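The values are calculated or read from the model by the stated rules, or taken from the named source; none is laboratory data. All values derive from a computational prediction rather than experimental measurement. Virtual Cβ from ideal backbone geometry, glycine too; neighbours counted across all protein chains shown. Quick note on the areas: whole protein, heavy atoms, side chains included, nothing else; ligands and nucleic acids left out. Shrake-Rupley method; radii C 1.70, N 1.55, O 1.52, S 1.80 Å.
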Amino acid sequence: MKVLMYGAEIAKVFFGDLLAILDEKGVGYDLVEPNGPEALAEDSKDHEAIITFFPLDEKLVNALAPSVKGIVVTSIGFDTIDVAAANQRGILVCNIPDYCTEEVALHTVTLILAGLRNLCQYDRYVRAGKWDNRGMVLGRPRHRLSTLTMGFMGFGRIGQKVAGMMTGFGVKIIAYDPYVPDTVFASMNVERAGAPDEVYEKSDILSVCMLLNDETYHLINRDSIAKMKDGVIIVNTARGALFDLESVTEGLQSGKIGAAGIDVWENEPVAADHPILKDDNATLSTHCAYFSIESGEDLRRKTLLTAVNVCNGEVPYNCVNKKALGLV
């Protein structure tokens, strides 16, 4: 049994001493750099699983040797893999959906609170010595948090964790997610929205907690923003392309969006001259919400153990295409 690491130099640094897990499980491994379909076809021979640090499009998925049973990505998102091509080949696609739930949820709440309390503006004013403004309301008007409604587009692991944290502040919660059972909403005392527009219209604070696919690409755009409350706070710690950044910037400039918290970007790094970087009501971070010492350890360990599961002919709990392959 063998695992192919697709991205040799990254894998050496990323896994380090934890590669011993494969030795302990009796699984061998090889490390290669990306070099096109023909090279991958040869490199993947006699390997049951591939751990990839790079996108696998249709050509690369179809180039995988017949021995390959599964692809493992080192992230929650799996939009870098052509899942449809994997389905045609009967190849499992596995992500690591639960390694940083607490970290991303906490970062989301941090961005919300920073936007609500104009924290970054105050920070800049203090650093600039502008203490003459200390008795004034700086920036956008703000309300008591317990008077507000928070909405979620997507209510999976991270959305539910954020909701649990925000409930302690006394906010009302509404969420849209057609894939989550009613029992989850009921157990958390969360109002279930029947359609996205209901969330847009009712939310003072909106967090987008969805995976990126054709349906969710630029979910937050001019049309959806127009349906939102004036002065809404919006946050994205999921996938950058869920936001149409130009529409969000326009919303901030017009005041339709009161504050935005963004950790993930469609293009990383964001252009140095992008106008959102100068907007006082934008709180921005560098795609770092996932990080902690513990989450990094979990990610590396779970990635390797998932590959071991695949090599053993098992269907891991984190296989995203079980239904398409008729395994559930």
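Worth a mention:
- Scalar couplings 3J(HN,Hα) for segment 250-259, obtained by applying the Karplus form with A = 6.51, B = -1.76, C = 1.60 to θ = phi - 60°, are 4, x, 5, 5, 7, x, 4, 8, x, 7 Hz; x denotes Gly and Pro.
- Couplings for segment 138-154, taken from phi via the Karplus curve 6.51 cos²θ - 1.76 cosθ + 1.60 with θ = phi - 60°, read 8, x, 5, x, 9, 10, 4, 4, 5, 9, 9, 10, 9, x, 10, 9, x Hz in order; Gly and Pro are left as x.
- Computed about the Cα centre, the dipole magnitude for segment 110-200 is approximately 600 debye when only Lys and Arg (+1) and Asp and Glu (-1) carry charge, each at its Cβ.
- Bins of 20 Å from zero: percent of alpha-carbon pairs in the chain: 29, 51, 19, 1
- Taking only protein heavy atoms and a 1.4 Å probe, the accessible area of segment 199-260 is 45% carbon and sulfur.
- Cβ-defined net charge surrounding GLU294, 13 Å radius [Lys, Arg +1; Asp, Glu -1]: -2
- Taking 0.692 mPa s as the viscosity and 37 °C as the temperature, the Stokes-Einstein diffusion coefficient of segment 245-286 based on its alpha-carbon Kirkwood radius rounds to 316 µm²/s.
- Centroid-to-centroid separation of segment 306-328 and segment 198-277 [C-alpha atoms, Å]: 34 Å
- Rounded to the nearest whole angstrom, the semi-axes of the ellipsoid equivalent to segment 1-69, taken from the Cα gyration tensor as √(5λ), stand at 20, 14, 8, largest first.
- With all protein chains in place and ligands, DNA and RNA left out, the 1.4 Å accessible area ranks VAL13, VAL308 as VAL13, VAL308, largest first.
- Rg ratio (alpha-carbon, reference 2.2 N^0.38 Å) - segment 214-328: 1.40
- The long axis of helix 157-167 is offset from the longest Cα principal axis of the chain by roughly 30 degrees.
- 28 Å Cα-Cα reach of LYS12 towards lysines, excluding residues that sit fewer than 8 places from it in its own chain: LYS2, LYS25, LYS45, LYS59, LYS69, LYS302
- Where segment 234-294 is the region considered: accessible area per residue in Å², 1.4 Å probe: 45 Å²
- Among 170-178, 211-219, 146-154, the order from most to least packed when residues are scored by Cβ within 10 Å on average: 146-154, 170-178, 211-219
- Computed with a 1.4 Å probe over protein heavy atoms only, the accessible surface of segment 1-130 comes to 46 Å² per residue.
- The HN-Hα couplings worked out from phi for segment 72-89 by the Karplus form 6.51 cos²θ - 1.76 cosθ + 1.60 (θ = phi - 60°) are 10, 9, 9, 6, 6, x, 10, 6, 7, 10, 7, 5, 4, 5, 5, 4, 4, 8 Hz, whole numbers, x standing for Gly and Pro.
- Two-site label geometry, GLU58 and LEU119: point separation in nm, points 7 Å out along Cα→Cβ: 4.6 nm
- Directionally averaged shadow of segment 43-113, computed from the convex hull of its alpha-carbon atoms, nm²: 5.4 nm²
- Just the protein heavy atoms count here, and of the accessible area of segment 17-152 at 1.4 Å, carbon and sulfur take up 51 percent.
- Scattering profile of segment 34-164 at q = 0.10, 0.16, 0.17, 0.22 Å⁻¹ [log10 I(q)/I(0), Debye over alpha-carbon scatterers]: -0.57, -0.85, -0.90, -1.20
- Each Lys or Arg adds one and each Asp or Glu subtracts one; over the other residues with Cβ under 14 Å from the Cβ of LYS45, this totals -4.
- Taking a Cβ cut-off of under 12 Å around VAL248, the surrounding Lys, Arg, Asp and Glu residues balance to a net charge of -3, with basic ones at +1 and acidic ones at -1.
- Kirkwood hydrodynamic radius computed over segment 118-270 comes to 16.4 Å, based on all pairs of distinct alpha carbons.
- Rg and Dmax of segment 91-187, based on Cα coordinates, read 17.7, 63 Å.
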